[in-house]
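One structure is given below, encoded as structure tokens.
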Amino acid sequence: MRVNNDLGFAELLALAEAAERAGFDQLWVSNDLFLRSAPVLAGALAARTGRIGLGISIMNPYSVHVSELAMAAATVQEVSGGRFLLGLGAGAEQFLGWAGIARTRPLATTRTALAVLRTLLGHRDVDAGLLPGWFGPDSVLRFPLGRPVPVYIGAMGPKMLEMAGRHADGVLPLLYPPERYAAVRQQVLAGAAPGRREVDLPACFWVSLSADPAAARAALAEKLAYYGPSIPAEVLAPAGLRPQDFGPAAALAHGGQVAAGLIDDRMLALGVAGDTADVLARCRVLRRLDAKHLSFGPPLGPDPVAAIRLLGEAVLPALNSEEA
């Protein structure tokens, strides 16, 4: 399960506890700029949960130096008893622009940061040729790491996906729509193939679930209104959409007004919205595309705790029984 860092901690903790009860294996918290700090949230969740894996999706090497990213990851790994996963990516150019940060050379910068992080976080299979010139004998963490921290790459474009398959422990591809998994999988496998690497590839999609399908669609529409303009044009193109198509809805969303009415059915199809039957149908398509790891992302529903309960009671058991 994935949640956003726009949630207050009390609400986030309630979702984390619900996810753990529902049988989810992982909980990922986003780190969008100008919202709550995901490393702080992950550390607090580590102290209040007992089993579920905790990840950040994603940090970027522009707003925080890679050495500090490693410090944060290793610390949460220690606090959580080895349950932490780190997501890394180039970040959204639009969001970085809010902080006056230029996203220069995103592929090369992310690849270098990945190599540094995996080296600092206990991995021994890093290509030393990818490490930057400043990295040397003094570039080490000064406290012990119980176990290596898996580093995932948040990626959507083909070059970043191929790079992630070649060098990362896992990939977090936001799929617009979910069925794009088939193409993404081929791109990741192309990178992994030369070294015959095993790479975790969850199918990451947005879900809005409710017993009231109309309410579920409205919740997803609000999400799309906020994030739609930041989705890369090349990702939207196969769905016949452009980032600017979300402009009118985004203008209302940033002004605090209801923008759901400006999100049409083509836009809604970028995620999954409806009741348990609707969600199961799309998940079964993903299983047929060989997606073994499903990652359910926000808004989850008009009532996220109720949505998680529905997922735990109806969706996850059905999928698990079919797999068995």
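The values are calculated or read from the model by the stated rules, or taken from the named source; none is laboratory data. Being a predicted model, the structure only gives us computed values, none of them experimental. All Cβ positions, glycine included, derive from the backbone under ideal geometry; neighbour counts span all protein chains shown. Surface accessibility is based on the protein's heavy atoms, side chains included, excluding ligands, DNA and RNA. Shrake-Rupley method; radii C 1.70, N 1.55, O 1.52, S 1.80 Å.
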| note | Distance in nm between Ala318 and Ala14 label points, each 7 Å along Cα→Cβ, equals 2.6
| Kirkwood hydrodynamic radius of region 58-106 from all distinct Cα pairs, in Å? | 11.8
| task | Apply the Kirkwood formula to region 211-324: the hydrodynamic radius equals the inverse of the mean of 1/r over all pairs of different alpha-carbon atoms; give it in Å with one decimal. | result | 15.1
| request: Before rounding to the nearest 500, sum -39500 (n - 2.57) across all DSSP H runs of length at least 4 in the chain and divide by the residue total; then give [θ] at 222 nm in deg cm²/dmol. | output: -13000 deg cm²/dmol
| field | Reduced Cα scattering model of region 100-172, Debye log10 I(q)/I(0), q = 0.14, 0.27 Å⁻¹ | value | -0.47, -1.31
| field | Segment Ala190-Ala211, extension gain: residue separation times 0.36 nm, minus the distance between their alpha carbons | value | 3.5 nm
| note | Residue span Arg287 to Ser37: 0.36 nm per residue of separation minus Cα-Cα distance leaves a gain in nm of 86.6 nm
| request: Enter the accessible area of Lys292 (Å², nearest 10), with the probe set to 1.4 Å and all protein chains included. | output: 140
| note | Here P(r) for region 103-261, Cα-Cα distances in 5 Å bins, as whole percents, is 1, 8, 14, 16, 15, 13, 11, 9, 7, 4, 1, 0
| message | Along each principal axis of its Cα atoms, how long is region 7-114 end to end? Whole angstroms, biggest number first, please. | response | 42, 24, 19
| field | Around Val149: net Lys/Arg minus Asp/Glu count, Cβ-Cβ under 11 Å | value | +1
| task | May I ask for the angle, rounded to the nearest 10°, between helix 106-120 and the longest principal axis of the chain, with both axes built from Cα atoms and the value confined to 0 to 90°? | result | 60
| Once both labels are modelled 7 Å past Cα along the beta-carbon direction, what's the Ala102-Ser63 spacing in nm? | 1.9
| query | Given labels modelled 7 Å from the Cα in the Cβ direction, how far is it in nm from Glu93 to Ala182? | reply | 3.0
| field | Cut-off 12 Å, label 7 Å out along Cα→Cβ of Asp25, residues of region 285-319 by amide N | value | 292-295
| said: Between Ala306 and Lys159, what is 0.36 nm times their sequence separation minus the Cα-Cα distance? Round to one decimal in nm. | reply: 49.1 nm
| request: Any chance you could give the angle, 0 to 90 degrees and rounded to 10, that helix 66-80 forms with the longest Cα principal axis of the chain? | output: 70
